[in-house]
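The values are calculated or read from the model by the stated rules, or taken from the named source; none is laboratory data. The structure displayed is predicted, hence computed values, not measured ones. Note that each Cβ is placed from the backbone with ideal geometry, even for glycine, and that neighbours are counted across all protein chains shown. Surface accessibility is based on the protein's heavy atoms, side chains included, excluding ligands, DNA and RNA. Shrake-Rupley method; radii C 1.70, N 1.55, O 1.52, S 1.80 Å.
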Amino acid sequence: MPRVDIIAGARPNFMKIAPIIRAMDQAKEEGCRMEYRLVHTGQHYDALMSGDFFAQLGIPEPDVNLEVGSGTQAEQTATIMVRYEKLLLESRSDLCLVVGDVTSTMACAIAAQKLFVQVAHVEGGIRSGDWAMPEEINRMVTDSITNWFFTTSETANDNLRKIGVSEDRIFFVGNTMIDTLKLHFEQLCPPALWREESLQPQQYFVVTMHRPSNVDGIVQLQAMLSAIGEGCRGMPVVFPVHPRTAKNLRELPGLPDNLRLVEPQPYLEFNFLVKHAKAVITDSGGISEETTVMGVPCLTLRDTTERPETVTIGSNELIGTDPAKLRPALGKLFAGEWKEGSIPEKWDGKTSKRIVAVLERLLSGRRHPVGGGH
Ligand code: UD1
């Protein structure tokens, strides 16, 4: 029976693979002849960044854990490649399915393709155009050696056409993160701090920041947090702190009084906070997709986005990395002038089923397009 390796490494991967695994299990029950092997690279390894997500999203124990752990990006890339190559040499799969744009995505795609194991990329084709983001390099490298692309938008399809990918390798299926959000929407639950802080719907903000451009420089981080504290006009600002950001926060001389620093939140609690927030202020890309579907205003602290539909269709706006831009944007929000937004095409909760149907077809044909035309 053909076998697919499903690769997951870092937090944003887990909500993307969960519904694909669910759809594969369901297809198998209905007679589909396709197996999977779940490979966790170990890029994120602790409960807060990994274990909690497996538990809440019903992801099975990984079949293999490559245990890469922390390191520079080159160290992580190299170690994942060596260990995944060894795994494939010992026990080869027919296809390597990678999701998103983290280091694990790129590393496994390279190792697989060099052993002539075909690669499918979920969320292929998106581009920010900003090479200062490690994720952009990961996207470009991964897509240059991907056989089959599962895309979230027409913009992604166009980006792939521009690099010479033929139509028969592009499958516009929608967004697997939204499958997860829709499946768990009724189970979203408040974290302890909801009661501890007496939070009220639409009377607080949620902030997340972890991009090097915002958090690696102490001066920038301090200026941004001051602008957030002031711009939110005394309302509580809940800030689940990513480990990367935590290190630098400790160096800051003082923080705004309304900032509530908390540990990274599990999926159900985090999205409960987002759903009821007045707005989300973030430098994440994935969160702007979730706010788009929930219709929550999102202020993105970046100059570019690889997810333009969250701005053109959804409730997201690019504010940039200059803290001075935040106050007018928040002014617009408080004046009740934020746009409504709507939901992009095929972000309907059925994406993973589409992906599994395509994979079944591809693997029964066992066609491996060599070269790829770019
Ligand atoms: C990675 C992804 C990024 C994603 C982010 C979400 C890349 C290039 N970047 O960045 O796209 O948005 O994850 O979280 O892949 N650490 C822990 N516990 C863990 C894992 C990491 O404390 O379980 C610490 C590490 O020691 C390191 C820091 O977090 O100091 C950064 O982790 P790393 O995986 O290198 O990259 P992220 O910044 O998390």
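Counting only Cα, what are the radius of gyration and maximum Cα-Cα distance Dmax of the chain, in Å?
Reported Rg and Dmax, both Å: 20.4, 61.
Give, rounded to the nearest 20 debye, the magnitude of the charge dipole that region 77-229 has about its Cα centre when Lys and Arg contribute +1 at Cβ and Asp and Glu contribute -1 at Cβ. Don't skip to the end; give the middle numbers.
Details: 12 positive and 18 negative charges, 58 e Å.
Once rounded to the nearest 20, the dipole reads 280 debye.
Would you work out the charge dipole size for region 1-147 about its Cα centre, treating the Cβ of every Lys and Arg as +1 and the Cβ of every Asp and Glu as -1, and quote it to the nearest 20 debye? Can you show the working numbers first?
On the way: 13 positive and 20 negative charges, 60 e Å.
Once rounded to the nearest 20, the dipole reads 280 debye.
Give the residue from Leu48, Gly69, Ser93 lying farthest towards the positive end of the charge dipole for region 1-108; charges sit on Cβ (+1 for Lys and Arg, -1 for Asp and Glu) and the dipole is referred to the Cα centre.
Ser93
Over the chain, with a Gaussian network built from C-alpha contacts below 10 Å, which listed residue (Asn138, Asn258, Asn316) shows the highest mean-square fluctuation?
Of Asn138, Asn258, Asn316, the most mobile in the Gaussian network model is Asn258.
Give me the distance between the Cα centres of region 232-263 and region 320-336, rounded to whole Å.
What the calculation gives is 19 Å, centre to centre.
Taking the full set of protein chains and a 1.4 angstrom probe, give the accessible area of Arg161 in square angstrom, rounded to the nearest 10.
Here the residue's solvent-accessible area equals roughly 90 Å².
Calculated from DSSP H runs of 4 or more alone, at -39500 (n - 2.57) each and per residue, what is the 222 nm mean residue ellipticity of the chain, nearest 500? Could the numbers behind the result be given before it?
On the way: 16 runs with 161 residues, N = 374.
Rounded to the nearest 500, the figure is -12500 deg cm²/dmol.
Rank by packing, highest mean first: peptides 5-14, 344-353, with packing defined as the count of other Cβ atoms within 10 Å averaged across residues. Don't jump to the answer; show the numbers that get you there.
Values: 5-14: 25.9, 344-353: 20.2.
Those peptides, ordered most packed to least, come out 5-14, 344-353.
Sorted by packing (mean other beta-carbon atoms within 10 Å per residue), highest first, where do 262-270, 197-205, 331-339 land?
Details: 262-270: 18.7, 197-205: 15.2, 331-339: 12.6.
Highest to lowest by the protection proxy: 262-270, 197-205, 331-339.
Mind ranking 121-133, 104-116 by how tightly packed they are, going by the mean number of other C-beta atoms within 10 angstrom, highest first?
Numbers: 121-133: 20.7, 104-116: 23.2.
In decreasing order of mean packing, 121-133, 104-116 become 104-116, 121-133.
Per residue, how large is the accessible surface of region 1-107? Use a 1.4 angstrom probe and give square angstrom. Walk me through the numbers before you get to the answer.
Working: 4360 Å² over 107 residues.
Normalised by residue count, the accessible surface of region 1-107 is 41 Å².
Using DSSP H assignments, which helices in the chain have an axial alpha-carbon span of 15 Å or above and a mean Kyte-Doolittle hydropathy of -0.5 or higher?
Values: long enough: 11-29 (28 Å, -0.45); 73-90 (25 Å, -0.17); 103-114 (17 Å, 0.54); 134-144 (16 Å, -1.00); 218-231 (19 Å, 1.01); 351-365 (22 Å, 0.47).
Sorted by number, the helices that extend far enough and score high enough are 11-29, 73-90, 103-114, 218-231, 351-365.
Over 16 Å apart: what share of the alpha carbon pairs of region 47-103 falls there, rounded to a whole percent? Walk me through the numbers before you get to the answer.
On the way: 916 of 1596 pairs.
Considering region 47-103, 57 percent of its Cα-Cα pairs are separated by more than 16 Å.
For the cross-link pairs Lys28/Lys346; Lys86/Lys182; Lys16/Lys325; Lys86/Lys353, which exceed 28 Å when the distance is taken from alpha carbon to alpha carbon?
Values: Lys28/Lys346 24 Å; Lys86/Lys182 37 Å; Lys16/Lys325 32 Å; Lys86/Lys353 31 Å.
Beyond 28 Å: Lys86/Lys182; Lys16/Lys325; Lys86/Lys353.
By what distance, in whole Å, do the Cα atoms of region 65-135 stretch along each of the three principal axes, largest value first?
Ordered largest first, region 65-135 gives principal extents of 37, 26, 18 Å.
Place a +1 charge on the Cβ of each Lys and Arg in the chain and a -1 charge on the Cβ of each Asp and Glu, then give the dipole magnitude about the Cα centre in debye, rounded to the nearest 20. Kindly include the intermediate steps, with their values, before the conclusion.
Details: 39 positive and 47 negative charges, 85 e Å.
With only Lys, Arg, Asp and Glu charged at Cβ, the dipole is about 400 debye.
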